[in-house]
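Colleague: Encoded as structure tokens, here's the structure I'll be asking about.
The values are calculated or read from the model by the stated rules, or taken from the named source; none is laboratory data. Everything numeric here is computed off the predicted structure, so don't read it as measured data. No Cβ is skipped: glycine too gets one built from the backbone with ideal geometry, and neighbour counts run over all protein chains shown. What goes into the accessible areas is simple: the full protein's heavy atoms, side chains included, and nothing from ligands, DNA or RNA. Shrake-Rupley method; radii C 1.70, N 1.55, O 1.52, S 1.80 Å.
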Amino acid sequence: MMPGDGTGVTRRGALLTAAGVGAAFAGGRASAQQIAGGRPVRVVVPYPAGGAVDLVGRLLAERMEPALGQQVVVENRTGAAGIVGADSVAKARPDGTTLGVIGMTTLCAYKTLYNRLPFDPDKDFAPVSQISAGTVVCCVNKDAQKKHGWTDFRRLVSWMKENPDALRFGTAGVGTTAHFTMAAVQKATGAKALMVTYRGGAPAVADLQAGVIDMMFELTPGLMPLIEQGVVSPLAVGSAKRVGALPDVPGMAEFADIGLGSVDIGAWEALMAPAGTPPDVLDRLNAAVRKAGEDAAMREKLRASGFSVETSESPAALAEKIRREIPYWRKLVEDSGAKLDT
């Protein structure tokens, strides 16, 4: 037995007691930094597994988990062009344990597109951070391409003008980036095509491969695997300029001669929390997203899919971006002529 110090406490006991206090203090400090006492954080993806938005959500969740020091799980809640999933986030407890990967159309266009929504995009979400940035790509089924001679995007547009509503194009729903891109193309060129809507990008991509639909604009991550396999043919991207992952595919500025010179469709996803989430929790989540965005593997996977990592300096910076882009998307909705009820 080790000698005491005259107070009834041994040297070993004193060391153990000090270590225990230190551990308890450290544990308390770590707990204070976690969200909602360390309970699992749920990231809602409003589209089916396997699509472009799902890829962004899963890459983010995997890397937010170590940044937060607690479990982060992805939940796919599909339906109504992302409205079902977004609504579940808007109505969740505002404690940081339910977040959503919400696209710019939901945040910037849906209030103009829909007569009624179950949530208010301006009031029912709290911005955390942007996650990604990119565009859409137009791909055609190879059998349809061969049959109709769609060797390039100009020929495709000419064929649509000569054969109104004969081409079947797919989207993940009215109000998605793909829908607005195609609406802008049709309005600018006078071409007409038949829209086939799906519950998400992934089932539409599967039908494009199978020949059920002839063509679609889709976020680049959703189509890059088929492009790389040579299964579908990319004819154009929705942005004005070409993108690094598809250097041989022309951008819309190259089709100014057929009226598309002013079309420039960007696509971005953001992490949003329910309104009322405390500012310190939003800041903690923002820091975790920014830390996740520094991961080299995540950046490379998104780059290869045609997207890039783009995070916000602060929740306020994302709020300003949303305010800035609303007029642009409002005009796209108005030009499309679409008006819906949920």
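Colleague: Which residue is surrounded by the fewest Cβ atoms within 10 Å (Cβ to Cβ), if the candidates are limited to the range 45-83 and must be small (Gly, Ala, Ser) and more than 25 Å from Ser308 (Cβ to Cβ)?
Modeller: Let us first name the residues in the range 45-83 that are small (Gly, Ala, Ser), namely 49-52, 57, 61, 67, 69, 79-82.
Narrowing the set further to residues that are more than 25 Å from Ser308 (Cβ to Cβ) leaves 69, 79-80.
Numbers: Gly69: 13, Gly79: 15, Ala80: 19.
The residue in question is Gly69.
Colleague: Looking at (1) in a strand (DSSP E or B); (2) out of contact with any Leu (no Cβ under 7 Å at 6 or more places or on another chain), which one does Val140 not meet, given that it meets all the others?
Modeller: (2)
Colleague: Moving to a separate point now. Within the range 44-75, how many residues turn out to be part of a helix (DSSP H, G or I) and either charged (D, E, K, R) or in contact with a helix residue (DSSP H, G or I) (Cβ under 8 Å, 6 or more places away or on another chain) (or both)? Before the answer, list the steps.
Modeller: Applying the first criterion (part of a helix (DSSP H, G or I)) to the range 44-75 yields 52-68.
Those left that are additionally either charged (D, E, K, R) or in contact with a helix residue (DSSP H, G or I) (Cβ under 8 Å, 6 or more places away or on another chain) (or both): 52-56, 58-60, 62-65, 67-68.
Residues that pass the stated criteria total 14.
Colleague: With the requirement that a residue be touching a residue at least 60 places away in the same chain (Cβ under 8 Å) and either surrounded by fewer than 22 Cβ atoms within 10 Å (Cβ to Cβ) or in contact with a Lys or Arg (Cβ under 7 Å, 6 or more places away or on another chain) (or both), what does the range 211-223 give you?
Modeller: If we filter the range 211-223 for residues that are touching a residue at least 60 places away in the same chain (Cβ under 8 Å), which is where we start, we get 211, 213-223.
Hits for the range 211-223 are Gly211, Ile213, Asp214.
Colleague: Ok, one more. Does any residue of the range 302-320 turn out to be touching a helix residue (DSSP H, G or I) at 6+ places or on another chain (Cβ under 7 Å), in contact (Cβ under 8 Å) with a residue 24 or more places away in the chain, in a helix (DSSP H, G or I) and more than 27 Å from Val237 (Cα to Cα)?
Modeller: yes
Colleague: Something else about it: Exactly one condition in (1) on the phi < 0 side of the Ramachandran plot; (2) buried (at least 18 other Cβ atoms within 10 Å of the Cβ) is false for Gly175; which is it?
Modeller: Result: Gly175 fails condition (1) only.
Colleague: Does the range 236-250 contain at least one residue that is touching a strand residue (DSSP E or B) at 6+ places or on another chain (Cβ under 6 Å), open to solvent by less than 10 Å² (accessible area, probe 1.4 Å), of a type outside the set (Ser, Thr, Tyr) and not in a loop (DSSP other than H, G, I, E, B)?
Modeller: The answer is yes; a qualifying residue exists.
Colleague: Quickly run through the range 84-118 and pick out the residues that are within 17 Å of Thr176 (Cα to Cα), open to solvent by less than 10 Å² (accessible area, probe 1.4 Å) and among the aliphatic types (A, V, I, L, M).
Modeller: Matches in the range 84-118: Ala86, Val101, Ile102, Met104, Leu107, Ala109, Leu113.
Colleague: Condition test on Pro121, is it in a helix (DSSP H, G or I) and either more than 28 Å from Met182 (Cβ to Cβ) or free of Cβ contacts under 8 Å to residues at least 40 places away in the same chain (or both)?
Modeller: Details: in a helix (DSSP H, G or I): no; either more than 28 Å from Met182 (Cβ to Cβ) or free of Cβ contacts under 8 Å to residues at least 40 places away in the same chain (or both): yes.
The answer is no for Pro121.
Colleague: Just need a number here: residues in the range 201-210 that are in contact with a strand residue (DSSP E or B) (Cβ under 7 Å, 6 or more places away or on another chain) and either open to solvent by 20 Å² or more (accessible area, probe 1.4 Å) or charged (D, E, K, R) (or both).
Modeller: Initial filter on the range 201-210 (in contact with a strand residue (DSSP E or B) (Cβ under 7 Å, 6 or more places away or on another chain)): 201, 204-205, 207-209.
Now narrow it down to the ones that are either open to solvent by 20 Å² or more (accessible area, probe 1.4 Å) or charged (D, E, K, R) (or both): 207, 209.
Adding up the residues that qualify gives 2.
Colleague: Could you tell me how many of the residues in the range 178-200 are of a type outside the set (Ser, Thr, Tyr), open to solvent by less than 10 Å² (accessible area, probe 1.4 Å), part of a helix (DSSP H, G or I) and touching a residue at least 60 places away in the same chain (Cβ under 8 Å)? Give the steps one after another, and end with the answer.
Modeller: Applying the first criterion (of a type outside the set (Ser, Thr, Tyr)) to the range 178-200 yields 178-180, 182-188, 190-196, 199-200.
Filter once more, keeping what is open to solvent by less than 10 Å² (accessible area, probe 1.4 Å): 178, 180, 182, 185, 191, 200.
Cutting the leftovers down to part of a helix (DSSP H, G or I) gives us 178, 180, 182, 185.
After this cut, where a residue has to be touching a residue at least 60 places away in the same chain (Cβ under 8 Å) as well, the list is 180, 185.
So the count comes out to 2.
Colleague: Taking the range 291-335 on its own, how many of its residues are open to solvent by less than 20 Å² (accessible area, probe 1.4 Å), more than 12 Å from Trp268 (Cβ to Cβ) and aromatic (Phe, Trp, Tyr)?
Modeller: Residues that pass the stated criteria total 0.
Colleague: Examine the range 215-233 for a residue that is modelled with pLDDT under 95 and over 21 Å from Gln145 (Cα atoms), and state whether such a residue exists.
Modeller: yes
Colleague: Kindly provide the set of residues from the range 251-286 that are under 20 Å from the mean Cα position of the chain (by Cα) and buried (at least 18 other Cβ atoms within 10 Å of the Cβ), ordered by number.
Modeller: If the condition is that a residue be under 20 Å from the mean Cα position of the chain (by Cα) and buried (at least 18 other Cβ atoms within 10 Å of the Cβ), then Ile265, Ala267, Trp268, Glu269, Ala270, Leu271, Met272, Ala273, Pro274, Leu282, Leu285, Asn286 are the ones that fit.
Colleague: Being among the aliphatic types (A, V, I, L, M) and under 16 Å from Val101 (Cα atoms) is the filter here; which residues of the range 113-139 pass it?
Modeller: Initially, the range 113-139 is screened for residues among the aliphatic types (A, V, I, L, M), giving 113, 117, 126, 128, 131, 133, 136-137.
Listed by number, the residues that qualify are Ala126, Val128, Ile131, Ala133.
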